[in-house]
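A quick write-up on the structure given underneath.
Read-outs: derived from the displayed coordinates by stated rules, not from any lab. Predicted, not measured: the structure shown is a model, and the values here were computed from it. Neighbour counts run over all protein chains shown; Cβ positions are idealised from the backbone, glycine included.
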């Protein structure tokens, strides 16, 4: 078994699931709609209501280094339209890049954040690390003051 990513219609991850090791690709993810209030007597009409596409199961590895990975459906469409040029099946590396032995390369996962959003994320993480350091320093200072206070109290009680 291997991990597959469940994405919404925009390609952003919503959940994770397991698939067989030999499964690779993009598959619709269905959910059952809420039951209708009235009973449907026509079977053809009820078959149309059995399920709705809720997203997609993506059995392609996500490359490391992306802050908010987004699956690129247009790259997948281009890949599905291209032919492996007689070289057999394409190979998918651990970074989610599909390679033909001779031919195009497709990066199926892209960064879902804008550069500005990434900068904000970096600034926020730097600020939080500075705040954590300040909290640790204040905690140490408080411990020193408490131990000093305890030693003064001990001397006064003697």
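Can you pull the percent of Cα pairs in region 111-150 with separation above 16 Å?
Roughly 55 percent, rounded to a whole number.
Among 58, 53, what is the fewest-to-most ranking by other Cβ atoms within 10 Å?
53, 58
Please sort 71-78, 20-27, 129-136 by packing, taking for each peptide the average over its residues of neighbouring beta carbons within 10 angstrom, highest first.
71-78, 20-27, 129-136
Could you list 116, 111 in order of exposure, starting from the residue whose Cβ has the fewest other Cβ atoms within 10 Å?
Values: 116 8, 111 15.
Ordered from fewest to most neighbouring Cβ atoms within 10 Å, 116, 111 come out as 116, 111.
Could you put 29, 12, 67, 56 in order, starting from the residue whose Cβ has the fewest other Cβ atoms within 10 Å?
If I rank by nearby Cβ atoms, fewest first, I get 67, 12, 29, 56.
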